[in-house]
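Below you'll find the structure, written out as structure tokens, and then a few comments.
The values are calculated or read from the model by the stated rules, or taken from the named source; none is laboratory data. What you see is a predicted model; the values in this text were computed from it and never measured. With ideal geometry, Cβ positions are generated from the backbone for all residues, glycine too; neighbour counts draw on all protein chains shown.
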Amino acid sequence: MTNLTTFADLKKGGGFEYVGAIMPVDLFPKAYHAGIEIAERHGTTYSTGARVIGVGHCMMFYFAYPFNRADQSDVKRAQGALEETNEVVLDMGGVPWKAEAPAQRQIIQKMDPNTFDLMNRLRAVLDPGGIMNPGNWEVE
């Protein structure tokens, strides 16, 4: 088994994109097969893993797609796989964990508008100067 540090340089250029999603455990088979199909469609390899959380009702499940930073077409393949994986995760009812900015936008699009409004009102109270983690969870 390869660890993620070694996996990050699999394509000799040192990079990978990953989706770590929180989802119910019973979605594991569907998520696993979807990730493999996405990697095949985007012409990239992958690493996958899972960790059951708490007493077993949910899990963190991930797919990682390596790329060579010097090869822009390789970077785009990994990014495409990442975006499609985020979309599939959201459609299944999971939530991407530590979502990067494009995934945050995907989550916001699926989120109930009242929930997003509540998030923004809480942020305004807790961070009126907008100095904590600027650029995250904002609509561009």
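Among the numbered conditions (1) basic (Lys, Arg); (2) under 22 Å from residue 16 (Cα atoms); (3) not assigned by TED's automatic domain parsing to the domain that holds residue 16, the only one that residue 76 does not meet is (3). Of everything in the stretch 13-47 that is surrounded by fewer than 19 Cβ atoms within 10 Å (Cβ to Cβ) and of a type in the set (Phe, Trp, Tyr), the residue that is nearest to residue 73 (Cα to Cα) is 32.
Residues in the stretch 51-65 that are farther than 16 Å from residue 86 by Cα, of a type outside the set (D, E, K, R) and either touching a Phe, Trp or Tyr at 6+ places or on another chain (Cβ under 9 Å) or assigned to a strand (DSSP E or B) (or both): 3 in all. In the stretch 70-137, counting only helices (runs of 4 or more DSSP H) that sit wholly within it, the ones holding 3 or more residues that are in contact with a helix residue (DSSP H, G or I) (Cβ under 8 Å, 6 or more places away or on another chain) and over 21 Å from residue 44 (Cα atoms) span 101-110. Kindly establish whether residue 33 is over 18 Å from residue 16 (Cα atoms) and more than 14 Å from the chain's Cα centre (by Cα). Spelling it out, residue 33 is indeed over 18 Å from residue 16 (Cα atoms) and more than 14 Å from the chain's Cα centre (by Cα).
For the residues 50, 70, 124, 99, the requirement of being surrounded by 18 or more Cβ atoms within 10 Å (Cβ to Cβ) and of a type in the set (A, V, I, L, M) singles out 99. Would you confirm, using the coordinates I've provided, whether residue 130 is touching a strand residue (DSSP E or B) at 6+ places or on another chain (Cβ under 6 Å) and either farther than 20 Å from residue 24 by Cα or modelled with pLDDT of 90 or more (or both)? So residue 130 does not fit the description; no. When the stretch 79-96 is filtered for residues that are touching a residue at least 60 places away in the same chain (Cβ under 8 Å) and either surrounded by fewer than 19 Cβ atoms within 10 Å (Cβ to Cβ) or more than 12 Å from the chain's Cα centre (by Cα) (or both), the ones remaining, listed by number, are 79, 92, 93, 95.
Could you tell me how many of the residues in the stretch 75-103 are within 14 Å of residue 39 (Cβ to Cβ) and of a type in the set (Gly, Ala, Ser)? Result for the stretch 75-103: 3.
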